[in-house]
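The values are calculated or read from the model by the stated rules, or taken from the named source; none is laboratory data. Since we're looking at a predicted model, the values are computed, not measured. Methodologically, a virtual Cβ is constructed for each residue, glycine included, from the backbone with ideal geometry; neighbour enumeration extends over all protein chains shown. These accessible areas exclude ligands, DNA and RNA; they are computed on the full protein's heavy atoms, side chains included. Shrake-Rupley method; radii C 1.70, N 1.55, O 1.52, S 1.80 Å.
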Amino acid sequence: GGKKVERKTRKCKFTGVRIKVVKPVGGGDVRRELFAEPKTFGDVKCQGCLKGHREKDIVLCDGCDAGWHLFCMTPKMQAVPEGNWYCSGCVARRARDRARRRLAVSVLEAKRRKEG
């Protein structure tokens, strides 16, 4: 036997395709894999070329579940990344959210200093 893992499935909010979430028991990187009948693989489309071919080369964003072929990304990826991966839209959104939180904290701190 190998390492024990916990498997769950969920539905991609963009494509409706079932995704298998594989989480090692006791910790470790979570993997997300397509969990679909072969006839439904065509439902997953790359956001770059809008095609669903070469499913094994499509990586799904951990933020929005959008799919991208490794070779349609800029820069191109050589292999499916270990752990979480976020598309450029989600990277930008996460950066904006962090900046907003930092701004809110500094505004609160300035207000406290002024009052105190």
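Data overview
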{"quantity": "Matching residues in the stretch 73-105 - criterion: being over 16 Å from the mean Cα position of the chain (by Cα) and either assigned to a loop (DSSP other than H, G, I, E, B) or among the hydrophobic types (A, V, I, L, M, F, W, C) (or both)", "calculated": "Thr74, Pro75, Lys76, Gln78, Ala99, Leu103, Ala104, Val105"}
{"quantity": "Pairs with Cβ under 8 Å, 6+ apart, first in the stretch 48-70 and at positive phi, second in a loop (DSSP other than H, G, I, E, B) and open to solvent by 10 Å² or more (accessible area, probe 1.4 Å)", "calculated": "Asp65/Lys13; Asp65/Phe14; Asp65/Thr15"}
{"quantity": "Members of the stretch 53-72 that are assigned to a loop (DSSP other than H, G, I, E, B) and closer than 15 Å to Asp43 by Cβ", "calculated": "His53, Arg54, Asp65, Ala66"}
{"quantity": "Condition broken by Pro75, with the remaining ones in (1) modelled with pLDDT under 90; (2) open to solvent by less than 50 Å² (accessible area, probe 1.4 Å) satisfied", "calculated": "(2)"}
{"quantity": "Tally, over the stretch 22-71, of residues that are aliphatic (A, V, I, L, M), modelled with pLDDT of 65 or more and closer than 18 Å to Cys90 by Cβ", "calculated": "6"}
